[in-house]
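These notes concern the structure reproduced below.
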Amino acid sequence: MRAIDLFAGCGGLSLGFQKAGIDIVGAFENWQPAIAIYQANFNHPVFETDLSQVSDYSIFSNLKPDMIIGGPPCQDFSSAGKRNEDNGRGDLTVNYAEIVNRVRPEWFVMENVERILKTQKLKQAKKIFVEAGYGLSEIVLDASYCEVPQARKRYILIGKLGETNHFMDYYLTKNQTKKPMSIFDYLGKSLGTEYYYRHPRSYARRGVFSIYEPSPTIRGVNRPIPKGYKKHEGDPVDDFSKVRPLTTKERTYIQTFPKEFEWLGNKTELEQIIGNAVPVNLAKFVGNCIKEYINDTNKRQNIKRHIGALEFEYA
């Protein structure tokens, strides 16, 4: 199956789908620092493209994709942003839907923050998908139940031409693990610390976490523990003398990028790129669910053909 990745960032979605056996044949991104990282790690082309200004859809259709994947920028929906879906970036969700509608691949996968469920932009996008003939499955996945050591909740919308709604629900639900993955489950004690600091959005929230639990969501902010940090009731340790933030590279591991993945750029850019990325294993989880659905569908069709042949033979 051939796929293209829109709003590709540094390639978390692309890499996860590749690991699930899907052939990524092209990617589209508009931020040069992310493009440089993508180019350093993939063999297929990445095109610097403003996807809010598309007029020629042949740039996508010429790649003959069976699937379009992508995570339109979520800052206008995110709890980390101003939550104004009309700031402009929210429109990119509708732009994504328009591209799918014009190119009409058999499949599409859209990833975003959970908060998108409360927006009008999602309703507009889903209306475009339905009118284009796509059956839809949607779910909010906690990445820690999808082989990612991070309690990162993400909205996933999958569409397939000519299908009924909810067609993927069974696979997306039954393939999740029974318990969340901790950092220790994934990395053991390789970080060299049992406790680390993750800067909270407000000091009403805790900032210290243990490797024996899933990481909170990796964001684009990474700061050292303040000298005057006061213990929060949820902090798992009293002595902060050895508590440190995760390094930039360690944060890529929590996002399940492989150790050999090459990172380019300055620290500020890298922290933002890493925080924006789709966890590789979350993308792989979704890709594997789709492959399992396709395999099961093919088996059912083969059984029907076999039964039909037997009925013809004995008629």
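The values are calculated or read from the model by the stated rules, or taken from the named source; none is laboratory data. As the structure is a prediction and not an experimental result, all values here were calculated from the model. Cβ atoms come from the backbone with ideal geometry, glycine included; neighbour counts cover every protein chain shown.
Considering only residues of region 48-67 that are closer than 16 Å to LEU92 by Cβ and in contact (Cβ under 8 Å) with a residue 12 or more places away in the chain, which is surrounded by the most Cβ atoms within 10 Å (Cβ to Cβ)? If you could, list the steps in order and put the result at the bottom.
Taking region 48-67 first, the residues closer than 16 Å to LEU92 by Cβ are 48-55, 57, 60.
From what is left, the residues that are in contact (Cβ under 8 Å) with a residue 12 or more places away in the chain are 48-52, 54, 57, 60.
On the way: GLU48: 10, THR49: 18, ASP50: 11, LEU51: 20, SER52: 14, VAL54: 16, TYR57: 14, PHE60: 23.
Looking at residues that are closer than 16 Å to LEU92 by Cβ and in contact (Cβ under 8 Å) with a residue 12 or more places away in the chain, I get PHE60.
Kindly provide the set of residues from region 265-296 that are among the small types (Gly, Ala, Ser), within 14 Å of the chain's Cα centre (by Cα) and either over 14 Å from MET1 (Cα atoms) or modelled with pLDDT under 95 (or both), ordered by number. Spell out how you get there, then give the answer.
Applying the first criterion (among the small types (Gly, Ala, Ser)) to region 265-296 yields 265, 275, 277, 283, 287.
Pick out the ones that are also within 14 Å of the chain's Cα centre (by Cα) and you get 275, 277, 283, 287.
If the condition is that a residue be among the small types (Gly, Ala, Ser), within 14 Å of the chain's Cα centre (by Cα) and either over 14 Å from MET1 (Cα atoms) or modelled with pLDDT under 95 (or both), then GLY275, ALA277, ALA283 are the ones that fit.
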Looking across region 249-295 at residues that are buried (at least 21 other Cβ atoms within 10 Å of the Cβ) and of a type in the set (Gly, Ala, Ser), the single one that is nearest to SER14 (Cα to Cα) is ALA283
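Quick one: would you say ARG201 is within 23 Å of ILE273 (Cβ to Cβ) and not hydrophobic (A, V, I, L, M, F, W, C)?
Details: within 23 Å of ILE273 (Cβ to Cβ): yes; not hydrophobic (A, V, I, L, M, F, W, C): yes.
Criteria met by ARG201.
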The residue that is farthest from ARG244 (Cα to Cα), considering only those in region 202-221 that are among the small types (Gly, Ala, Ser) and in contact with a Lys or Arg (Cβ under 8 Å, 6 or more places away or on another chain), is SER215
Scanning region 140-168 residue by residue, the ones that are more than 30 Å from TYR212 (Cα to Cα) and surrounded by 18 or more Cβ atoms within 10 Å (Cβ to Cβ) total 6
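Can you find a residue that is under 18 Å from LYS189 (Cβ atoms) and touching a residue at least 40 places away in the same chain (Cβ under 8 Å) anywhere in region 219-226? I'd like the intermediate steps shown before the answer.
The initial filter retains those residues of region 219-226 that are under 18 Å from LYS189 (Cβ atoms), namely none.
Scanning region 219-226, I find no residue that is under 18 Å from LYS189 (Cβ atoms) and touching a residue at least 40 places away in the same chain (Cβ under 8 Å), so the answer is no.
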Margin query: Taking the conditions exactly as written (acidic (Asp, Glu), modelled with pLDDT of 95 or more and either over 29 Å from ASN41 (Cα atoms) or within 21 Å of the chain's Cα centre (by Cα) (or both)), does GLU233 satisfy them or not?
Written below: no
